[in-house]
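Following: one structure in structure tokens, then a few remarks.
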Amino acid sequence: MMEKILLKTEAADIEAYIKAGGYQALRKALAMKSEDVTAEVKKSNLRGRGGAGFPTGLKWSFIPKANTKPRYLVCNADESEPGTFKDRELILKNPHLLIEGLAIASYAIGAKQCYIYIRGEFAKETGLLSDCVNEASKRGYLGNNILSSGFDLNIAVHRGAGAYICGEETALLESIEGKRGLPRLKPPFPAVVGLFGCPTVINNVETLASVPAIIEKGGDWYSKLGAGKSAGTKLFSVSGPVKKPGVYEIELGMPFKKFLEDYAGGMLEGSKLKAVIPGGSSVPVLTAAEALKMNLDYESVQQAGSMLGSGGIIILDDKACMVETLLVLAKFYHHESCGQCTPCREGGGWIEKLLRKLEAGKGKEGDIALIYSIAENMLARTLCPLGDALAMPVMSFITKFRPEFEAHAAGNGCGKREAGSGKSTQ
Amino acid sequence: MSYKISEKTRAKIDELRKIYPQKEAVLIPALHEMQKEAGWVSEDAIDALSACLGLPYARVKGVVTFYTMFNRAPVGKYHLQVCRNISCHSMGAPRILSHLKEKLRIAEGETTEDGLFTLSTVECLGSCGTAPVIAVNEKYHENMSVEKTDMLLRELGLQQ
Ligand SMILES: Cc1cc2nc3c(=O)[nH]c(=O)nc-3n(C[C@H](O)[C@H](O)[C@H](O)COP(=O)(O)O)c2cc1C
Ligand code: FES
């Protein structure tokens with residue numbers, strides 16, 4: 001049976017949430033020693049759901065014990081990686097699960113102030129979260145002396161203002177501090193010098209919402225869900241030409257083929273699966289054949305040649321032109337580069353320009369190799385992984401769909417160009 | 001010309017100060033408040049805010065220019081923001097965009113003469129499962145088509 005944790009109850013209303021057993025995990029956590037809460041999360045093998053998959057309990061344990069400065073918990077609700085729309089769903093359907101997770105995590109790391117950094121475009125979601133924080137405070141789940149435990153916590157909802165880079169954790173901290181979102185050089189890591197120069201843990205919405213169940217039922221229980229080192233359940237957001245695009249919670253390890261058929265409803269009539277970007281737009285693309293062999297867990301997706309990332313599964317069908325699709329992504333990453341690192345700032349621009357020429361049928365033979373080599377030179381040569389986030393799609397698109405790029409370079413296009421494009425629905 | 005920060009926004013800024021240990025952290029929330037009131041962030045508004053927070057002009061301007069949501073020129077009553085990213089693109093955003101350009105007779109980044117509509121493209125709105133998406137001011141319109149776009153324009157008062 002498929003266990004559901006994150007979208008099990010859909011209760012935006014606090015009464016309904018409490019009735020369904022909500023805030024009991026917080027009560028239980030507050031009766032434990034804070035180290036034991038962290039130990040339980042370590043035992044669960046929960047890994048960060050924001051993209052990097054870093055072990056959550058381990059991250060919490062990096063907060064230096066002897067440091068007497070205030071500590072902060074920051075919840076990353078920036079959700080700007082193209083193809084990713086799971087955190088929004090979680091916030092809308094189960095906001096108190098997130099708030100309960102924030103309270104437990106704050107207790108574990110000793111934070112009295114938590115900030116939820118939410119992308120500026122999520123106006124409705126911001127309002128909902130603020131309301132829910134107020135309701136939880138009124139009922140004594142937040143604020144001073146929570147549930148008579150002596151633990152105090154305030155949560156503030158902080159709106160971003162339109163910048164993909166602010167999803168990167170250190171750019172996010174700069175942004176809360178009221179600055180341009182420029183990623184910081186690491187080390188020092190945020191656990192030591194984070195928000196306002198203080199020890200800080202940054203976790204994704206989905207990661208934190210997974211915590212209450214771990215406390216309630218135990219780390220051992222959670223670690224047995226899913227597949228081996230990929231423990232637990234995960235939200236996958238699937239978009240593109242499928243019958244039922246949307247957000248689905250599954251235990252990690254499900255064959256992609258089953259997910260596509262049973263959850264996403266299969267391809268739209270008249271569409272044939274061509275390629276899959278399995279973890280948000282910045283991970284390598286997979287051919288249909290590669291994707292159909294993999295399972296949806298960290299190890300299997302990596303074995304297939306890509307990354308599980310945020311779980312934003314982007315489906316491309318036979319009507320998609322790979323040169324044009326890559327151009328869409330190149331334009332995005334070029335635009336979103338913060339400009340600090342030359343390879344990302346300039347490389348992104350060069351790649352976009354060359355792809356634009358290629359797509360318009362004005363490219364030359366050497367352009368493909370040139371684009372590839374620019375990407376190769378961006379890889380792992382920047383402060384933050386935004387450079388990689390363009391380099392990886394570029395290298396994989398060219399490697400796996402080279403004949404399409406060559407046809408464009410020869411001026412033949414792909415025969416798919418129609419006025420205005422947007423071909424999948426035509 | 002000078003810009004006066006309204007009493008309401010000032011009160012809001014004071015309120016916000018309590019949430020953060022450093023005054024500079026109020027900057028972005030304050031800009032949101034000011035834009036909510038004026039519709040955009042003018043040079044004078046930047047001046048006024050830098051005075052209010054005691055921060056250099058360049059410090060505030062640097063932030064305003066970094067974030068795409070701050071409008072640096074007035075926008076129409078309805079700001080149509082068409083997502084141009086991957087899933088919206090493959091599900092038909094380019095056709096919707098060219099349709100909007102034709103209907104409104106403006107290019108990207110422009111405002112109709114009557115001041116009703118501004119047309120922009122934006123990056124992924126985090127709603128790819130209901131692609132294509134158009135945000136009108138702060139509201140998402142999902143699963144759009146050319147037909148639904150026409151209906152939307154009529155509802156918003158486009159005169160034919
Ligand atoms: C360019 C870039 C954008 C990112 N965007 C997001 C985002 O929107 N949401 C998110 O949770 N993590 C994002 N991340 C990952 C964060 O840096 C960080 O790893 C994550 O928030 C940590 O939380 P987790 O351990 O719970 O996954 C992004 C990273 C990069 C490099
Ligand atoms: S691609 Fe348009 S909302 Fe994500």
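The values are calculated or read from the model by the stated rules, or taken from the named source; none is laboratory data. This is a predicted model, so every value here is computed, not measured. Methodologically, a virtual Cβ is constructed for each residue, glycine included, from the backbone with ideal geometry; neighbour enumeration extends over all protein chains shown.
So the values come out like this:
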quantity: Subset tally (residues that are within 12 Å of ligand 1 (Cβ to nearest atom) and within 14 Å of another protein chain (Cβ to nearest Cβ)) for the range A:195-209; calculated: 4
quantity: Number of the exception - A:Gly280 against (1) touching a helix residue (DSSP H, G or I) at 6+ places or on another chain (Cβ under 7 Å); (2) of a type in the set (Gly, Ala, Ser); (3) touching a residue at least 60 places away in the same chain (Cβ under 8 Å); calculated: (1)
quantity: Of all residues in the range A:269-305 being surrounded by 22 or more Cβ atoms within 10 Å (Cβ to Cβ) and among the β-branched types (Val, Ile, Thr), the one that is farthest from B:Met91 (Cα to Cα); calculated: A:Val301
quantity: Residue within the range B:99-114 that is closer than 26 Å to A:Gly167 by Cβ, within 16 Å of ligand 2 (Cβ to nearest atom) and not acidic (Asp, Glu) present; calculated: no
quantity: B:Cys88 vs. criteria within 10 Å of another protein chain (Cβ to nearest Cβ) and either at positive phi or in a loop (DSSP other than H, G, I, E, B) (or both); calculated: no
quantity: Yes/no for B:Ser98 being hydroxyl-bearing (Ser, Thr, Tyr), more than 8 Å from chain A (Cβ to nearest Cβ) and part of a helix (DSSP H, G or I); calculated: no
quantity: Residue in the range A:82-98 that is away from every other protein chain (no Cβ under 13 Å), over 23 Å from A:Val37 (Cα atoms) and of a type in the set (Lys, Arg) present; calculated: yes
quantity: The lone exception for B:Pro21 - which of (1) over 26 Å from B:Thr111 (Cα atoms); (2) assigned to a helix (DSSP H, G or I) it fails; calculated: (2)
quantity: Check on B:Ile134, surrounded by 23 or more Cβ atoms within 10 Å (Cβ to Cβ), more than 16 Å from ligand 1 (Cβ to nearest atom) and modelled with pLDDT of 95 or more; calculated: yes
quantity: Within the range A:218-247, tally of residues that are at the interface with another protein chain (Cβ under 10 Å from one of its Cβ atoms) and not charged (D, E, K, R); calculated: 9
quantity: Qualifying positions in the range B:101-151 - of a type in the set (A, V, I, L, M), within 11 Å of another protein chain (Cβ to nearest Cβ) and assigned to a loop (DSSP other than H, G, I, E, B); calculated: B:Leu125, B:Ala131, B:Val133, B:Met144
quantity: Members of the range B:139-160 that are in contact with a strand residue (DSSP E or B) (Cβ under 7 Å, 6 or more places away or on another chain), aliphatic (A, V, I, L, M) and free of Cβ contacts under 8 Å to residues at least 40 places away in the same chain; calculated: B:Leu152
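Matching residues to (1) more than 18 Å from A:Pro199 (Cβ to Cβ); (2) crowded, with 16+ Cβ neighbours inside 10 Å:
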site	(1), (2)
A:Ile116	yes, yes
A:Glu121	yes, yes
A:Thr126	yes, yes
A:Val133	yes, yes
A:Ala136	yes, yes
A:Gly140	yes, no
A:Asp152	no, no
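Results for (1) basic (Lys, Arg); (2) away from ligand 1 (no atom under 16 Å from the Cβ); (3) touching a Cys at 6+ places or on another chain (Cβ under 6 Å); (4) closer than 27 Å to A:Glu81 by Cβ, shown as yes or no for each residue.
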position	(1), (2), (3), (4)
B:Ala48	no, yes, no, no
B:Val64	no, yes, no, yes
B:Ile86	no, no, no, yes
B:Thr112	no, yes, no, no
B:Ser120	no, yes, no, yes
B:His141	no, yes, no, yes
B:Asp150	no, yes, no, no
